[in-house]
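Peer 1: Structure below; questions to follow.
The values are calculated or read from the model by the stated rules, or taken from the named source; none is laboratory data. What you see is a predicted model, and the numbers here were worked out from it, not measured in a lab. We place every Cβ from the backbone using ideal geometry, glycine too, and count neighbours over all the protein chains shown. Just so you know, the surface numbers come from the protein's heavy atoms only, side chains and all, with ligands and any DNA or RNA stripped out. Shrake-Rupley method; radii C 1.70, N 1.55, O 1.52, S 1.80 Å.
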Amino acid sequence: PFPVKQLAALGEGAVLNVAVTRPGGRFAAVVEADYPTVYLYKRDESSGILSPHDELPIPGCDGRRSFPVDIISHPGGHLYVADFQWEGSGCVHHYRLNEEGKLSAEGTYAADFLRGVEAIVISSDGAHLYTACHEASTVSHFARDPKSGTLSPRDPIERADLHGAEFITMSPDDRHIY
């Protein structure tokens, strides 16, 4: 019952995450294992079929090759990519998507408390962004400007029992993160 169409191979790696843009779902953004790039696909609203539309390289994290593992979309055309790093600082990259579907890099946020960043969640009001960080044993917290998408770091939660954290989600009332 669902339309299935194989996308052209992007490399030898695998798609690690997909985010459908909000609102409206006109585009799907993809990160994959081999190439540090955000791939943007236009989504046909009736069939759901994806067609290549744009791509933008991920700049790297403090001079090191990027390892994108998660991508999340938020209304207003904002995309955030988690850039996993085993050592040194990890990064969250911020991209903007305009109405025509053109990507632009808006900023990179690097910090030791982001080392091994695996997953991202944004509060429903768009005012907060949180990450789960495998290697740093942290849950990071950023204040987020809902209009510009700019992030400002807050004190992370750092605990030994957070080592290996790979996923993060938020309760519907935004009062708890898991």
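Peer 1: How many residues does the range 134-160 hold that are assigned to a strand (DSSP E or B) and open to solvent by 60 Å² or more (accessible area, probe 1.4 Å)?
Peer 2: Here the count works out to 5.
Matching residues to (1) touching a Leu at 6+ places or on another chain (Cβ under 7 Å); (2) farther than 15 Å from Ile72 by Cα; (3) at pLDDT 95 or above:
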| residue | (1), (2), (3) |
| --- | --- |
| Ala105 | yes, no, no |
| Ala110 | no, yes, yes |
| Leu114 | no, yes, yes |
| Ser123 | no, no, yes |
| Ala127 | no, no, yes |
| Tyr130 | no, no, yes |
| Glu135 | no, yes, yes |
| Ser140 | yes, yes, yes |
| Ser152 | no, yes, yes |
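Peer 1: Next question. In the range 20-35, what residues are within 15 Å of Tyr80 (Cβ to Cβ) and assigned to a loop (DSSP other than H, G, I, E, B)?
Peer 2: Result: Thr21, Arg22.
Peer 1: In this structure, does Ala165 turn out to be assigned to a loop (DSSP other than H, G, I, E, B) and touching a helix residue (DSSP H, G or I) at 6+ places or on another chain (Cβ under 7 Å)?
Peer 2: For Ala165, the condition - assigned to a loop (DSSP other than H, G, I, E, B) and touching a helix residue (DSSP H, G or I) at 6+ places or on another chain (Cβ under 7 Å) - is not met.
Peer 1: Now for a separate question. For the list (1) assigned to a strand (DSSP E or B); (2) modelled with pLDDT of 90 or more, I need the number of the one condition that Asn17 fails.
Peer 2: Of everything listed in (1) assigned to a strand (DSSP E or B); (2) modelled with pLDDT of 90 or more, Asn17 misses just condition (2).
Peer 1: Can I ask one more? Could you tell me which residue of the range 111-124 is surrounded by the most Cβ atoms within 10 Å (Cβ to Cβ), considering only residues that are among the aliphatic types (A, V, I, L, M), under 14 Å from the mean Cα position of the chain (by Cα) and within 13 Å of Cys91 (Cα to Cα)?
Peer 2: For the range 111-124, the residue satisfying everything is Val117.
Peer 1: Output the residue which, of all residues in the range 19-46 that are acidic (Asp, Glu) and surrounded by fewer than 19 Cβ atoms within 10 Å (Cβ to Cβ), is nearest to Arg65 (Cα to Cα).
Peer 2: Ranking the candidates gives Asp34 first.
Peer 1: Six or more apart or on different chains, Cβ atoms under 6 Å: show the pairs whose first residue is in the range 106-120 and at negative phi and whose second is among the β-branched types (Val, Ile, Thr).
Peer 2: Going by the 6 Å Cβ cut-off, the qualifying pairs are Tyr109/Val92; Phe113/Thr138; Val117/Thr131; Glu118/Val69; Ala119/Ile168; Ile120/Ile72; Ile120/Thr131.
Peer 1: In the range 125-133, is there at least one residue being in contact with a Lys or Arg (Cβ under 8 Å, 6 or more places away or on another chain), open to solvent by less than 20 Å² (accessible area, probe 1.4 Å) and under 15 Å from Phe167 (Cα atoms)?
Peer 2: The answer is yes, given that some residue of the range 125-133 is in contact with a Lys or Arg (Cβ under 8 Å, 6 or more places away or on another chain), open to solvent by less than 20 Å² (accessible area, probe 1.4 Å) and under 15 Å from Phe167 (Cα atoms).
Peer 1: Could you give every pair whose Cβ atoms fall below 6 Å, whose first residue belongs to the range 36-60 and is over 18 Å from Thr108 (Cβ atoms), and whose second residue is open to solvent by 30 Å² or more (accessible area, probe 1.4 Å) and of a type in the set (A, V, I, L, M, F, W, C), counting only separations of at least 6 or pairs across chains?
Peer 2: Short answer, once both residue conditions are applied: Tyr41/Leu50; Arg43/Leu50.
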